[in-house]
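What follows is one structure encoded as structure tokens, with my remarks underneath.
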Amino acid sequence: MLNNQLLNQVLMSGFDSMVFVMRIEGEGRFVYEFINESAMRRTGLTENVIGKNLLDALPEEQAVFLLNKYKQSAQEQKKISYEDTFHANDDEEYISETNLTPLLNELGECTHIVAVVRDITEFKEAELAREDSKRRLELSKQRYKSLFLDNADAIFSIDYNGNLIEVNNAFEELSGYPKEQLLNQSAFKFVDSSIKRQLKKCFVQTLRKKPQNFEVNTYNASGMQLDLDITMTPVVVEGQVTGVYVVIKDITEQRYAERTLSKNEERFRMIAESSHDLITLVDGEGMITYASPSYGNVLGYSPEHYVGRSLLHNLHEEDFKGVLHSFDHAQETGDPISLEFRQYHQEKGWLWFELQGKRFMTIMAIFIRWSL
């Protein structure tokens with residue numbers, strides 16, 4: 001008797017899990033025979049439920065769900081486990097894990113089902129948090145791969161002592177050195193001597209939390225001359241600078257194009273300023289952007305008088321249509337222009353001129369010769 005009382009006390013008060021003992025009466029009828037304190041506290045059920053049919057004690061949807069689970073365990077005469085949610089007495093929804101154990105008599109018949117219900121809400125929330133962290137980590141790795149490894153710009157990071165600790169594919173290609181040769185080596189070991197002092201100075205400034213941006217002209221491992229735009233940013237961890245993050249943009253083609261354009265512009269101006277022809281540059285909208293000094297001698301108006309005006313300025317009205325048609329055709333096809341037209345001289349009135357023009361990119365270059 002003492003053992004039964006002790007067992008009953010343990011079941012009633014010694015389990016944090018909810019414990020239900022259901023007695024089977026007839027076909028598919030499950031009656032409450034025991035419910036512990038934890039179950040009463042969490043579900044709001046009382047000892048008054050003892051002896052009641054499952055279908056009479058709970059809401060229909062919940063009762064039918066549990067009835068099917070109990071039937072399955074009783075018919076198969078084996079333990080089953082499942083996860084579910086339940087509304088507790090505090091109106092909060094919890095996640096539970098239920099283990100059903102069938103009890104058999106001497107004849108091998110299932111007479112009872114013992115249901116032990118464990119609250120696993122915190123475990124599931126932690127599991128979801130781990131999955132979320134895992135997903136965020138994967139996204140972070142993908143962003144890193146996109147921003148660092150697959151970046152079109154050359155990128156590398158160096159530690160506080162100037163040693164290379166990470167390089168991307170673009171840096172390998174730009175520098176001409178394989179990654180295996182670069183890592184854990186001083187970054188300045190691979191720098192041309194002509195810019196080494198400048199780079200070290202900028203590196204020191206960056207370690208002082210002063211980001212640097214500058215351009216250099218140097219050579220890579222293959223001897224190729226490069227124009228580079230370099231940005232150095234301090235890597236700060238818990239308020240302390242641990243290294244430097246470096247982004248290098250290859251601007252060789254850009255600078256070459258600029259130098260070439262500058263030379264061509266200078267040559268053009270030398271030709272234009274020494275020519276007796278009227279040399280004019282017109283943009284895509286038909287506005288004059290440049291007029292050679294010869295305008296002053298040939299038409300009596302200064303070049304500044306024409307810049308910013310339409311190419312039809314001081315042209316005879318009867319020639320407007322022909323000039324505009326030729327200009328539009330050249331804009332569309334790139335074909336050169338050749339025509340004659342009249343232009344106004346400040347003192348001599350209308351004079352005939354011969355025009356030769358050619359489109360270059362978005363600019364129309366026009367050479368105008370006075371027809372004597």
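Rule-based calculations on the coordinates, nothing more; no lab input. Being a predicted model, the structure only gives us computed values, none of them experimental. Here Cβ is always computed from backbone atoms with ideal geometry, including for glycine, and neighbour counts include all displayed protein chains.
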(request) Could you list the chymotrypsin sites (Phe, Trp or Tyr not before Pro) in the range 115-173 that lie in coil according to DSSP, counting only those with at most 14 other Cβ atoms within 10 Å of their Cβ? (result) Y160
(message) Between 0 and 90 degrees, rounded to the nearest ten: what's the tilt of helix 121-144 against the longest Cα principal axis of the chain?
(response) 20
(message) Below 8 Å between Cα atoms, with a sequence gap of 6+, how large is the relative contact order for the chain in percent?
(response) 8
(message) Please list, short to long, the whole-number percent of alpha-carbon pairs of the range 247-341 in consecutive 5 angstrom bins beginning at zero.
(response) 2, 12, 16, 19, 19, 13, 7, 5, 3, 2, 1, 0
(request) Could you compute the FRET efficiency for E93 and L147, with r as their C-beta to C-beta distance and R0 at 35 Å, rounded to 0.05? (result) 0.30
(message) Of S326, V236, L147, which is farthest towards the positive pole of the chain's charge dipole, taken about the Cα centre with +1 and -1 on the beta-carbons of Lys, Arg and Asp, Glu respectively?
(response) V236
(request) Please list, or write none, the lysines whose alpha carbon is within less than 17 Å of the alpha carbon of K210, excluding same-chain residues fewer than 8 places away. (result) K200, K201
(message) Please list, by residue number, every one of the trypsin sites (Lys or Arg not before Pro) in the range 197-269 that is coil in DSSP and has at most 13 other beta-carbon atoms within 10 Å.
(response) R208, K209
(message) Residues of the range 106-142 with the amide nitrogen closer than 14 Å to a label point 7 Å from the Cα of K79, along Cα-to-Cβ, please.
(response) 114-118
(request) Among (1) 19, 19, 19, 20, 14, 9, 1; (2) 28, 62, 10, 0; (3) 29, 58, 14, 0, find the value of P(r) over Cα pairs in 20 Å bins from 0, in percent that was calculated from the structure presented, and write down its label. (result) (1)
(request) Treat each spin label as a single point 7 Å out from the Cα along the C-beta direction, and report the V64 to E127 distance in nm. (result) 2.7
(message) Expected output is a single nm value to one decimal: the length gained when fully extending between E354 and T46, i.e. 0.36 nm times separation in residues minus the C-alpha distance. What is it?
(response) 99.8 nm
(request) Mind checking the full-extension length gain between E332 and M224? Use 0.36 nm per residue of separation minus the Cα-Cα distance, one decimal, nm. (result) 34.9 nm
(request) Find the Rg to Rh ratio for the range 2-119, where Rh is the Kirkwood radius over alpha-carbon pairs and Rg uses the same atoms. (result) 0.94
(message) Quick check: residue separation of K321 and N297 times 0.36 nm, minus the Cα distance between them. What number comes out in nm?
(response) 5.9 nm
(message) Give me the percent relative contact order of the range 142-181, please, defined on Cα pairs under 8 angstrom at least 6 residues apart.
(response) 34
(message) Pick from D159, D56, D192 the residue whose mean-square fluctuation is largest in a GNM of the chain, springs joining Cα atoms under 10 Å.
(response) D56
